[in-house]
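One structure is given here, and the rest of the page talks about it.
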Amino acid sequence: MIPEIELQSPQEIKEYQEKRLRELLPYLQEDSAFYKRHFEQNKIDISQIQTLEDLQQIPTVSKDDLQKNNEDFLCVPRSKVIDHVTTSGTLGDPVSFYLTDKDLNRLAYNEAISFACSGVTADDTIQLMTTMDRRFMAGMAYFLGARQLGAGIIRTGSGIPELQWDSIEKFNPTYLIAVPSFLVKLIAFAEKNGHDLNATSVKAAICIGEPIREPDFQLNTLGKKIKEHWDIDLYSTYASTEMATAFNECSAQQGGHLHPELIIAEILDENEQPVNAGEVGELVVTTLGVEGMPLLRFKTGDMVQAHDESCTCGRNSLRLGPVVGRKKQMIKYKGTTLYPPAMINLLNDFSGIDGYVIELRHNELGTDEILLRIHAPAANDILLKEVKDHFRAKLRVRPNVVFESKETLDAIRFPKTSRKPVVVVDLR
Ligand SMILES: [Zn+2]
């Protein structure tokens, strides 16, 4: 089930997207209060925007714009809204997203073709280890996609390893959708409670929320940790509420495939110019086919590398490598540019480390400093030196490291207001 457009040549894909872009612009001008104003204030004549290159004439839109003008992005009357979701904003309050009936169909289509990209068929059964409610978009998207594809689904939700194992043994799922670090917990639970990992029906996991690969597509520490214990295929998926679109890996596992009928992607440098081929830059997206809250040139804040060579699976669509970090969390450390995920990857190499927080601050010279606050049950100087040496060897930085009690660290890691554990504290 590969959509026809994804098999066409890069030039045909580009022309197709330009046609869709030319349909989107009048819709935004007419029905989006925000974009109408955005075009007026920036003197944009939409009839002059014909190609993907022309898009660069339109100023980008940030998460701040989305937060400050949230309701102005809605293109339909509230009576047409079916599903109400929120995603974290930049200023504390969440940002609202509204989906119409058409948007729910688009979401189902998006997830169905994304699942298919990762090898899921109507014969598969998926165990969904993520939340369906709490105003999240993702869980519902997975459910709708599985249904459209004709695959079975088991909605276990997040957490509770015992329930997960009970469901695996009762319903024999072939695919799991999970946060990869939760798979590590599931493995530990299985080993402790006598579940035979390699005797299950599970053949693959679709990994959400955390990278499992290095930029060269080799499994990272987390990915390897899973694979060493449990011989299942691991597929990355990258998505967000704003994009309402997923980028799933195919069997080649060389980056997440873009679906040209759903989204236009640009990779921009610090001056908002396209990066040279193969360079890391910020992903900027334009959604296609969204009725409720379409976005034009939205800056995701995610730093990624795009790959445009055709894939062995036959698709000619762009592929995105793992997210190397958030743009805001970029660290310039003595001439080296790095992002927290690379540090998280290294900290995961130490089985003696129980938990950690990466603290970023400016020193008196105004340059970046990294402090790793670590809890290790057997904290000692040898571990301290090993951590510093490992960082110097792999990332060419030597961060400050302090050991913390479990209580101190947990107070930082699990604030009441956050959906996910805090790993990075940015005080800059
Ligand atoms: Zn492929």
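Only a single criterion out of (1) more than 30 Å from ILE58 (Cα to Cα); (2) open to solvent by 20 Å² or more (accessible area, probe 1.4 Å) is not satisfied by MET343, namely (2). Only a single item in (1) open to solvent by 10 Å² or more (accessible area, probe 1.4 Å); (2) outside any loop (DSSP other than H, G, I, E, B); (3) in contact with a helix residue (DSSP H, G or I) (Cβ under 6 Å, 6 or more places away or on another chain); (4) not hydroxyl-bearing (Ser, Thr, Tyr) is not met by LYS388, and it is number (3). Within the stretch 306-333, the set of residues being within 16 Å of the ligand (Cβ to nearest atom), in contact (Cβ under 8 Å) with a residue 60 or more places away in the chain and not in a loop (DSSP other than H, G, I, E, B) comprises ARG319, LEU320.
Taking PRO415, is it buried (at least 18 other Cβ atoms within 10 Å of the Cβ), within 28 Å of the chain's Cα centre (by Cα) and modelled with pLDDT under 90? No. If you go through the stretch 262-291 and keep only what is outside any strand (DSSP E or B) and among the aliphatic types (A, V, I, L, M), you end up with LEU262, VAL275, ALA277, LEU288, VAL290. Taken residue by residue, the stretch 197-216 has at least one member that is in a helix (DSSP H, G or I) and open to solvent by 30 Å² or more (accessible area, probe 1.4 Å). For TYR235, the conditions (1) open to solvent by less than 10 Å² (accessible area, probe 1.4 Å); (2) in contact with a Ser or Thr (Cβ under 6 Å, 6 or more places away or on another chain); (3) within 16 Å of the ligand (Cβ to nearest atom); (4) part of a strand (DSSP E or B) all hold with the exception of (1).
Scanning the stretch 52-69 for residues that are of a type in the set (S, T, N, Q) and part of a helix (DSSP H, G or I), we see that the one that is most open to solvent (accessible area, probe 1.4 Å) is GLN57. PRO274 satisfies every condition listed in (1) touching a Leu at 6+ places or on another chain (Cβ under 9 Å); (2) closer than 27 Å to LEU107 by Cβ except (2).
Remark: pairs (first residue in the stretch 96-118, at pLDDT 95 or above and within 16 Å of the ligand (Cβ to nearest atom); second residue assigned to a helix (DSSP H, G or I) and charged (D, E, K, R); Cβ separation under 9 Å; 6+ apart in sequence or on different chains) = ILE113/GLU6; CYS117/GLU6.
Among the residues making up the stretch 334-355, those that are in contact with a helix residue (DSSP H, G or I) (Cβ under 9 Å, 6 or more places away or on another chain), under 17 Å from ASP426 (Cα atoms) and either small (Gly, Ala, Ser) or part of a strand (DSSP E or B) (or both) are LEU338, ALA342. Given the condition farther than 18 Å from LEU234 by Cα, part of a helix (DSSP H, G or I) and open to solvent by 40 Å² or more (accessible area, probe 1.4 Å), answer yes or no: does some residue in the stretch 123-140 qualify? The answer is yes; a qualifying residue exists. Inside the stretch 6-32, residues that are open to solvent by 60 Å² or more (accessible area, probe 1.4 Å) and of a type in the set (Lys, Arg) make up a count of 2. When LYS394 is tested against (1) in contact (Cβ under 8 Å) with a residue 24 or more places away in the chain; (2) in contact with a helix residue (DSSP H, G or I) (Cβ under 6 Å, 6 or more places away or on another chain); (3) closer than 30 Å to THR87 by Cβ, just one condition goes unmet, and that condition is (3).
In the stretch 260-289, the residue that is nearest to the ligand (Cβ to nearest atom) out of those that are farther than 28 Å from GLU71 by Cβ and open to solvent by less than 10 Å² (accessible area, probe 1.4 Å) is PRO260.
Checked against (1) assigned to a loop (DSSP other than H, G, I, E, B); (2) at pLDDT 90 or above, LEU360 meets all criteria but (1).
Screening the candidates ASP64, ASP31 for the property of being acidic (Asp, Glu), modelled with pLDDT of 95 or more, farther than 30 Å from ALA151 by Cβ and assigned by TED's automatic domain parsing to the domain that holds CYS311 yields one hit, ASP31.
Filtering the stretch 24-47 for residues that are in a helix (DSSP H, G or I), under 30 Å from HIS307 (Cβ atoms) and in contact with a helix residue (DSSP H, G or I) (Cβ under 9 Å, 6 or more places away or on another chain) leaves a non-empty set.
Look at (1) open to solvent by 40 Å² or more (accessible area, probe 1.4 Å); (2) within 23 Å of LYS394 (Cβ to Cβ); (3) not hydrophobic (A, V, I, L, M, F, W, C) and you find that GLU359 fails only one, number (1).
The values are calculated or read from the model by the stated rules, or taken from the named source; none is laboratory data. All values reported here derive from a predicted model rather than from experimental measurement. Positions of Cβ are generated from backbone atoms using ideal geometry, with glycine treated the same way; all protein chains shown enter the neighbour counts. The area values use the complete protein model at the heavy-atom level, side chains included, leaving out ligands, DNA and RNA. Shrake-Rupley method; radii C 1.70, N 1.55, O 1.52, S 1.80 Å.
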